Amino acid sequence: MQNDQVTPKETATILELAERCLPVAGDFVELGCYRGDTSVLLGKLLAKNTLACGKAVENLCKSTNNECKTSAQAVENPCKTPPRHLWIYDSFAGLPDKTTEDTSGAGQNFQAGELFVTKREVVEKIRRANLHNVIIKKAWFDDLADRDLPSQIAFAFLDGDLYGSIKTSLKLVAPRLHEQGIMIVHDYNNPELPGSSRAVDEFLRAHPEYRLQVRHTLAILRKS
Ligand SMILES: C[S@@+](CC[C@H](N)C(=O)[O-])C[C@H]1O[C@@H](n2cnc3c(N)ncnc32)[C@H](O)[C@@H]1O
């Protein structure tokens, strides 16, 4: 089924930038996974990369006349980073309440409880996609503790729609983002969800070391 939350062009941009982060150390995260449609694509990208690295080690091992007992003993790992995980987060209770920063003349959508999906549905989707590299966390972003996040992040997709959700996501992810990592925030300049732009603009004022690039309704944030 077509993803009704992210356009095909946005999905292509997300995947292009996520792929660029494959050589960067750290895990991938998605805050606000909803049905897990983008999560499956990101999980597959990471899994494909891990498989390709595994093959490269195997081939190097063969080229050393099979002297190695295990690929790990035989050759230095040619992959720039070890296998990584995709961590995905959602309340699995739909959206929280809007705040004044989310007030929009563009409509009354996105009320509390909208976009409800069960965790079980997403777990099933990840299982059907045969992905073993995805960690699924059910929580309000405000309740996430240190141990709920990877220590280093290479790529982040922040898609919590509302001001408070994006603000918290940026607060959680930025200190863990690798110097060469990328954060993408959805709904930038989306008149229906003005809270997303507000949270991003506030973040940029407080963190001038980040530069902003906008593609479609994606705010792309990076330091380098
Ligand atoms: C637009 S949907 C995400 C779409 C998904 N990224 C995709 O690409 O298909 C937004 C999701 O964020 C979740 N969400 C928003 N604010 C949240 C918060 N503060 N804590 C936890 N989940 C939140 C909602 O439950 C909803 O599932």
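The values are calculated or read from the model by the stated rules, or taken from the named source; none is laboratory data. Every value quoted in this text rests on a predicted model; they were computed, and no experiment measured them. Cβ coordinates were reconstructed from backbone atoms using ideal geometry, including for glycine residues, and neighbour counts include every protein chain displayed.
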Query raised in the report: If residue 224 satisfies every condition in (1) buried (at least 19 other Cβ atoms within 10 Å of the Cβ); (2) in contact with a strand residue (DSSP E or B) (Cβ under 8 Å, 6 or more places away or on another chain); (3) in contact (Cβ under 8 Å) with a residue 24 or more places away in the chain but one, which is the exception?
Result: (1)
Query raised in the report: Just for the range 111-122: of the residues that are surrounded by 14 or more Cβ atoms within 10 Å (Cβ to Cβ) and touching a Gly at 6+ places or on another chain (Cβ under 9 Å), which one is modelled with the lowest pLDDT?
Result: 115
Query - Members of the range 147-194 that are basic (Lys, Arg) and surrounded by 19 or more Cβ atoms within 10 Å (Cβ to Cβ) - result: 167
**Report entry** Number of the exception - residue 207 against (1) within 15 Å of the ligand (Cβ to nearest atom); (2) in contact (Cβ under 8 Å) with a residue 12 or more places away in the chain; (3) farther than 22 Å from residue 13 by Cα
**Finding:** (1)
Query raised in the report: Looking at (1) touching a His at 6+ places or on another chain (Cβ under 8 Å); (2) part of a helix (DSSP H, G or I), which is the only condition residue 150 fails?
Result: (2)
**Report entry** Tally of residues being within 11 Å of the ligand (Cβ to nearest atom) and within 30 Å of residue 44 (Cα to Cα) across the range 86-111
**Finding:** 10
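Select, from 148, 187, 161, the only residue that is within 11 Å of the ligand (Cβ to nearest atom), out of contact with any Phe, Trp or Tyr (no Cβ under 7 Å at 6 or more places or on another chain), at pLDDT 95 or above and not aliphatic (A, V, I, L, M).
Numbers: 148 fails: within 11 Å of the ligand (Cβ to nearest atom); 161 fails: out of contact with any Phe, Trp or Tyr (no Cβ under 7 Å at 6 or more places or on another chain).
From the options 148, 187, 161, the qualifying one is 187.
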Query - Unique residue being basic (Lys, Arg) and under 24 Å from residue 12 (Cβ atoms) when the list is 167, 138, 125 - result: 125
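With respect to residue 26, is the statement that it is farther than 21 Å from residue 189 by Cα and within 13 Å of the ligand (Cβ to nearest atom) true?
Values: farther than 21 Å from residue 189 by Cα: yes; within 13 Å of the ligand (Cβ to nearest atom): no.
Answer is no for this residue.
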